Structure formats: C-alpha cells, structure tokens
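Report on one structure; see the data block that follows.
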Amino acid sequence: MRVNASQQPPPASPPVAVSHRRAGRRIVLNIVLDGLISGAAAPLARFLADPYGGLLHPLWFVAGGAITLLISGLPFRMPQQYWRFSGVADLIGIGCASVASAILFSLGLLVTGYPMPSPTFPAILALVLLVGLGGVRMATRLGARLRQQAAGERRRVLLIGSDQTADLFMRAVEADGGGRYQPLGLLTGAAGQVGRRIQNVPILGTPEECDAVLARLDAQGQAVHEIVFTDPHMRGTIVSRVLERAHAHGVAVKRAPSLTSLQPAARVELRPMALEDLLNRPQWPLDLDGMARMIGGRVVLVTGAGGTIGSELVRQIASLGPSLILLLDHSEYALWQIDLELSERAPEVPRRALVADVREAARVDAICAMYRPELVFHAAALKHVPIVEANPCEGVLTNAVGTRVMADASARHGARAMVLISTDKAVNPSSLMGASKRCAEIWCQALDKESRREGRGMRCVTVRFGNVLGSTGSVVPLFQRQLAQGGPLTVTHPEMTRYFMTVPEAVGLVLQASVRGMANDGAGETDLRLREGGIFVLDMGEPVRILDLARQMIRLAGLRLDEDVAIRFTGLRPGEKLFEELFHGREAPVPTDAPGLKIATPRSVDPVIVAAALDAMERAALAGDASRVLEIVRDLVPEFAHNPTGEPDRAEPARPSSWPASSPGPLVRQGGQGIDEPGTEKDSAS
C-alpha cells in the first residue's frame, strides 16, 4: 500500500538539532535575565550615588543600563555561561563586563547631556552589576547543590594524597554538583601543612596518623564513611597501613579516578582499591625507544603466547611495530583467545597463530625455517609446582628439553636473540619445576657465553623473576575464587613469602632486559657479567607474606577476617619452599646500568657437558624413567635440594654446602661414563 507523501508523519528532529535548540533557548533566557538585572541595577546605582535625587527615572535610563550590559557582556561570553556551574572564571568575566558597562553607560550620560548623579556613579554601578549578576549565578549553583543533597545523603570522606590531587578531586566533586561526597579533611605527606585549609577543607595530619584522625572525627559525631586516595602514585606500605586501620574502624577505602586540571571527570566515580596498590615498589622508567628499535619491523616469535606472561608479551610487542608476530602455543583455546584479542587490539599487525609443542623438534624447526624469526621470546613452560612433581618426565621435557629445542632451532635459522623467561624457583630449587628451569638457564647461559666469546651467533638473554599478580594458577585467582564462595582462604604456611609484580610491569622489564642484553658488548660491569653467563633478575622489591596478602584481600573485599571469612592453613605442598630467592646466598645482587634490572652470575657449565646431560635427560624422560631423570637433574643442578613431601625439615640439604671449594664437582653420567665438571667456589654457587 502506497502512502501519500502528504500523509506521512514529519520526520523526527535529530538529537543534535534538539540539543542546539535547547542551547539557543538557554542563551536567550540568559540574555533576558541579565537584561532585567542590569536594567534594575541602573536606577538602583543612581539612588545609591544620589539618594536625594528622587526615585523616578526616565525609561531610557532603565533600557540604557540593560543595553550597555548586554553589549559589554558579549566579549566575555556572558550569554553562554552555564549558571549552575559558575566558577571563578565566570565571575572574572562578570566583573570585567560590569566595569565596561558602567564606563559605557557613563559615557552615554555625558554624550546626551544628562547630569551625572555623582562622581562615584560609575564605580557604584559596576559594583551593583557585579553583585546582582554574580549573586544570581551563585544562588543558582547553591540551589542546585541543595536539591542534590536533599535527593540523597552525602558520603563523608577523608582524603589522602597531595594538596594538588586533593584540590583536583574537590573541584571535580564541585563540578559534579557536590552532592554525593562531603570531604571532612585531608591527610597529606607534608607534616608542615597540618592546620591549613584547601577549599575550606582542613588538613588534619599525615597518613601515618590515620587511626587517630578517624577516632577524633568519630568522637566529634562525624564518622567517616570512606577513605579516598586522591594520589594515583600513592601505593605500597602507606596503602597497606591505611587499609588495616580503616578496616579496624569499619571504614571503606577507595581510590579516586585519574583527574587532571585540564579535563576533570564529568562524574566522580570512586573505584575499589586494587591489589596492585599494595605493592611497595617504584615504577621503573623504561627504554621505550630502545624497545621500538629492537622490535620495529622484525619478525617476532612468542612461545606460550596464550599464557599470562606470553599474552602480555604479545600485547606490548604489538604496540612496537613488528613486521610479523608468531603466536605459538600448545593450547588451542589459549591461542584462540590471544589471537582474537590481538585482532581487535592491533588489527594492522600481521600475525600467525601456530599450534605446536616446543618439545617437538621437527615441528619447531619447520616453523623457524618457514618464518625465520629474528627475535624469540620463550615463555612456554610447565610452571605449577605440584603438577610437575607429579609428572616429572613431562616437566623436564617441556621446561629443559623444550627450551633447548627452541634455542637450537632459533639459532640454526638466523635468530638474533632468544629471551628465556625464567623463575625465582630456579634458585636453590626444592622442586623439580625450579630445577628444570635451572637446567634451561644453564643451556642458555652456555649458548650466550659462546656467542659473546666468538662475537657472532644468537644471543640468549635469560630473565628471572618471581610471581606475577593474577597469573593462571597463582594464589591471587585462587583467593578470589575462594572469596566468591564465602571462604575459607587456604594458606599453606603462616610464614610463606613470595615476590610479586604486576604482569605489565614484569613484561616491560623483560623487554628492557632484552634491549640491554642485545646491546653491543662494552667495558662496563654489566657487560663483563653478561660475558660470564650473567642472568638478568627483575627488581621486585620486598617479598610479601602470603598470610598478609590473604588478609589484605579480605579487607579489599570489604569483609571481616574470621567473622565473614576465615583463613585455614593446609601445609606445604610437594616441592614448595617457604621463601623464594632471586639470588644464591653467596651471590650478592648487583645492580645494572638499566633501571629495574639486577644481574646474577650463577655457575655455568660447558656446552658439551650440558648437551650430554640434556640428551640423557630426554631419553630417560621419553622412556618414563623418573628416577633416572631426577638423577641427571641432580648432577646438572647440584644445589637442587628436592622436597617431594612438602615438609621443610625433610628437604634434602643443598649439596654444594658439603663440598670443599677445591673438590671436583658433580658427575653427569651417560652410558656408564663420567663427565667431570671442574668445581670452584664460583661454580658451587648458583
């Protein structure tokens, strides 16, 4: 059925047109109101200047006051002012327009021959205009705030941060209508500021005095609803202590959004404190230019690309302009996830998703031969300690043999460098997982020393670090799942500690270590240690006690320890240690010339010896001979103090402690023949 055009309903007005019409009506209303106020201001100023001159005035006197103000207000955009959000800038514009209007009106009186009421008339008229126009705007803003306050109770908040960030927060609250949050005071790091005020909000003390300030406000009948950190850079010990004291007072702790003076938030939405805020560690500056030169225009292969570290490597590498990213993973689902994410995040970056097992030499060699990656980031590993303990042959095949397969294929097909992602569990390992990663480190050390000595070949850069927050299978997701189920949170031992770092931070430092490790050899101490088989170690700050981490996560969730959620101790698992180490006890941590990186120089082994050991290890693992695998691992990693039961007092003693410095080292046996490794004091320290 046809519809006549005349019968069709008129098209709806587009939203932009409606918005423009509303803005136009608001401007017209501003002009009318400003005209009425200025028109009334002229006779009022005349009366104040000459009270005995009479109250009656010609109509042009009123009209002249309105016209001159409207003309004077145009350069200062008075008709466009939003009265509800009037601020200092608007008042300055009103003041300038009032002075200009008074001068223009007085000149008009002189030109027309109308007698000036008094010599002070221009100043009086300017003041009357300023009070009338500014007062109406401030009254409008105050009324809007009172209406918002009447609609809902304001949250009393205690601010913690610098004076600048607190000022930005309070300005954002004002721009938001000021109805939701009522700042009671500010705690700042500068003790000399106590007693002063910012926007009429008193500075009550320092963050260390949080407990006393909360108690004092509570006694005054102004109990704090929330503590708000306004400074995005405030984290670590201060946050932990405030969180603990706030929990004791039943006060929630939040963080303000990122605010700037140029672009304040349209609506202030506080967010919960993140677990990363509790890490007490500086943010290290990164060599972004060096990373871009290293990655830009090159073919980059990432193994374990679907894992926690591998996927973050892919994200950061994609932002540096590679010519091609090869995503290699054994898990089809994990590979699909990172491939999909990369297609959305960086669709312009060419990529290939490759399903492969790093233990399969033929498949890895075919991939390297086809794509010839220039940089290889080897993050593929079996990392769950108890699972590797239960599957020792699989663990060494992936972690040790797989690393050798990947390194050999990369070098054979012209890679400039391979970066091995290692772990703090490789230091004085008590688990087979840690020992197998130490075997991988030894092989990469041997290749790198040979490359640096000959001045050619592939560099092998090894980077060692501890736990990352939120990684698959780590304690944080476990605690989060247990909290969602109502608890209890399970902790293996009350004294267990671990190093923690955020995933993006760890990967950024891995790239930084890659840049430094690939640099041309110099004469500095860092280069000397690299030539001796040095391993980069990320500066992870102080270790965190897992029990404290569990308590903080309970507080971050707004729950009460032992009342809402309990903590239960389960005992050490097979292969676990109470304390992880980034360096051997005899090996002092040495800083490098790159921020955030330290260097270790653990015992290195001749490549021939390592190759023979790995060959024997692979044969034993493929045959399922776990006892033979452990024997070879112990010979290659003499400091391996295996703890298969998870009991600290039953861990095997570290074997190097029983050897004199001049005695021969361990033997790596193959086919009944012993292969000796010279033992020195440095060799026995890993």
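FYI, it's all coordinate maths here, none of it is from the lab. In this text, all values refer to a predicted model and were calculated from it rather than measured experimentally. As a convention, Cβ positions derive from the backbone with ideal geometry for all residues, glycine included, and neighbour counts pool all protein chains shown.
Using mean Cβ contacts within 10 Å as the protection proxy, how do 331-340, 603-612 order, highest first? Intermediate results must be reported in sequence, preceding the final value.
Details: 331-340: 15.8, 603-612: 18.3.
Ranked by mean Cβ neighbours within 10 Å, highest first: 603-612, 331-340.
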Entries in Lys425/Lys449; Lys449/Lys577; Lys254/Lys425 that, when Cα-Cα distance is taken, lie over 27 Å:
Lys449/Lys577; Lys254/Lys425
Tell me the net charge near Thr592. Cut-off is 10 Å between Cβ atoms, Thr592 excluded, with +1 for each Lys or Arg and -1 for each Asp or Glu.
-1
Lys/Arg +1, Asp/Glu -1 at C-beta; region 401-521 dipole; positive extreme among Ala407, Gly486, Met496
Ala407
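Given R₀ = 25 Å, what would the calculated FRET efficiency be for Asp615 paired with Glu360, taking r from the Cβ atoms and rounding to 0.05?
Values: r = 16 Å, r/R0 = 0.66.
Working from the Cβ atoms, E equals 0.95.
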Using a 10 Å cut-off on Cβ atoms, rank the peptides 298-305, 431-438 from the highest mean neighbour count down.
431-438, 298-305
